[in-house]
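Everything below concerns the one structure shown next.
The values are calculated or read from the model by the stated rules, or taken from the named source; none is laboratory data. These numbers were taken from a predicted model, which means no experiment stands behind them. For neighbour counting, all protein chains shown are included, and Cβ atoms are generated from backbone atoms with ideal geometry for every residue, glycine included. The protein model used for the area step is the full one, side chains on, heavy atoms only, and it has no ligands, DNA or RNA in it. Shrake-Rupley method; radii C 1.70, N 1.55, O 1.52, S 1.80 Å.
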Amino acid sequence: MELENKTRVLEFILLGLSEDAEVQPLLFGLFLMMYLVTFIGNLLIILAIISDSHLHTPMYFFLSNLSLNDICFTSTTVPKMLVNIHTGSKMITYINCLTQTYFAMLFVTLDNFLLSVMAYDRFMAICHPLHYMVIMNPRLCALLLLASWVLSVLHALLHGLMLLQLSFPTNLEIPHIFCELNQVIHLACSDTFLNDLLMYFAAGLVGIIPLSGILLSYCKIVSSVLRISSAGGKSKAFSTCGSHLSAVSLFYGTVLGVYLSSAATQNSRARAIASVMYMVVTPMLNPFIYSLRNKDIKHAFKNLLS
């Protein structure tokens with residue numbers, strides 16, 4: 001009987017940002033444009049790094065993986081939303097909803113770890129420049145990337161397996177544009193205590209530990225840069241960290257904004273709008289952050305396009 005209750009769920013209903021029919025074409029055009037900018041911008045960064053041998057360094061290796069992750073993250077959620085807006089259907093099957101939840105958790109966690117690894121890379125480049133290429137060798141870079149993937153997969157898999165233990169009624173409404181973990185858990189008709197405990201405990205570990213590593217790296221970087229006597233040297237050192245620091249601020253700022261707004265308001269639609277920031281806007285802005293002030297990327301773009 002318990003197994004039957006878990007498998008009788010046919011579909012969820014994604015309410016989206018608005019139920020106003022007149023707003024749907026505007027939302028479709030807006031999110032389609034944002035998705036195309038995200039996809040093309042991050043793809044160009046990947047191609048530029050691959051095509052330019054001068055960019056075959058640890059910093060750009062991790063940047064290309066961050067861009068690939070941003071493409072995967074937005075592709076997990078936005079295309080389904082565009083299809084729902086275009087067809088007028090808000091339905092998503094039980095299996096597709098759990099799959100979307102799993103991959104959204106996977107890629108947002110991987111984004112978190114990649115930003116932390118990139119901070120460590122900048123710390124080694126600025127604080128230990130003479131030993132940088134020896135320490136950040138291809139083997140270590142591959143191991144750091146592999147560790148990020150393994151931890152992200154295990155984190156998402158653990159939540160996915162816990163979701164499979166829950167029972168749901170049929171035709172559930174999710175006031176969001178995708179199947180967010182927190183929203184799905186709170187729709188269950190069975191006890192969700194273990195799921196909530198795991199969600200907050202894992203969020204603390206996955207969020208606080210990488211963020212602490214980033215803050216510690218930048219404390220060491222600032223301390224090292226302040227000891228540089230020349231103004232030109234200080235400017236060059238800070239310029240290599242500016243793009244990454246902007247990406248970190250944007251990512252953690254939007255994620256914290258979403259969860260702080262969730263705690264401050266019970267308006268589900270407002271939380272959905274806030275979630276758009278880290279789900280769509282941040283991956284879209286990352287290519288601009290890393291290209292506008294980076295001469296190496298600009299040069300690689302020119303060579304690629306020519």
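A few notes on this one:
- Taking 4.7 Å between beta carbons as the limit, the unpaired Cys residues of the chain are CYS72, CYS127, CYS141, CYS189, CYS219, CYS241.
- For the pair GLN165 and LEU256, a Förster radius of 30 Å applied to the C-beta separation gives a FRET efficiency near 0.55, rounded to the nearest 0.05.
- Considering only Cα atoms, the convex hull volume of region 140-190 works out to 83 Å³ per residue.
- Nonlocal amide H pairs with GLU11, under 5 Å, H built at 1.01 Å: TYR94, ASN171, LEU172
- Highest-MSF residue in the chain out of ASP191, ASP70, ASP111 [GNM, Cα springs under 10 Å]: ASP191
- With DNA, RNA and ligands ignored, accessible area of CYS189 (1.4 Å probe; Å², nearest 10): 90 Å²
- DSSP loop GluC sites (Glu not before Pro) with at most 12 other Cβ within 10 Å: longest gap in the chain: 23-306
- Angle in degrees between helix 231-264 and the longest Cα principal axis of the chain, rounded to the nearest 10: 10 degrees
- Max mean-square fluctuation residue, GNM over the chain, Cα-Cα springs under 10 Å, options MET81, MET133, MET34: MET133
- Ordering VAL206, VAL184 by accessible surface, largest first, gives VAL206, VAL184; the 1.4 Å probe counts only protein heavy atoms, with every chain in place.
- Where only DSSP H runs of four or more residues are counted, the chain gives -26000 deg cm²/dmol as its mean residue ellipticity at 222 nm, each run worth -39500 (n - 2.57).
- Considering only LEU36, LEU44, LEU145, the Gaussian network model of the chain with Cα springs below 10 Å gives its largest mean-square fluctuation to LEU36.
- The calculated P(r) of region 13-63, using every Cα pair and 10 Å bins from 0, goes 21, 30, 19, 18, 11, 0 in percent.
- Stokes-Einstein D in µm²/s, Kirkwood radius over Cα pairs - the chain at 4 °C with 1.567 mPa s viscosity: 62 µm²/s
- Unit Cα scatterers, Debye sum, region 167-248: log10 I(q)/I(0) for q = 0.18, 0.27 Å⁻¹: -0.84, -1.24
- Dmax and Rg, reported as Rg then Dmax, of region 13-163 (C-alpha, Å): 18.9, 61
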